[in-house]
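Down below is the structure, laid out as structure tokens.
The values are calculated or read from the model by the stated rules, or taken from the named source; none is laboratory data. Quick caveat: nothing in here was measured; it's all calculated off a predicted structure. Here the Cβ is made from the backbone with ideal geometry for all residues, glycine too, and neighbour counts use every protein chain on show. For accessibility, only protein heavy atoms count, side chains too; no ligands or nucleic acids. Shrake-Rupley method; radii C 1.70, N 1.55, O 1.52, S 1.80 Å.
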Amino acid sequence: MFNNFDLSDEEILKILEDYKPLIVKMSRLRDGLDEDLMQEIKYIIYKTLTKNRKNL
């Protein structure tokens, strides 16, 4: 879906915002929303989408 993997931070934030309902849904456990899990999901998405970014 995202073939570039060299997205700007603004583009990644837009993707995270667009997928927020799905991220929240996948972060729900039996006891309710697990915010640590939600942060982990967002971190993995960010890490994956910036993996080809050149270091300065």
For this session: Please list, ordered by first then second residue, the pairs with beta carbon atoms under 6 Å, 6 or more apart or interchain, first in segment 14-40 and farther than 17 Å from Thr50 by Cβ, second open to solvent by 60 Å² or more (accessible area, probe 1.4 Å).
Result: Ser27/Leu33
Problem set entry | Within segment 6-56, tally of residues that are at pLDDT below 90, under 12 Å from the mean Cα position of the chain (by Cα) and open to solvent by 100 Å² or more (accessible area, probe 1.4 Å) | 1
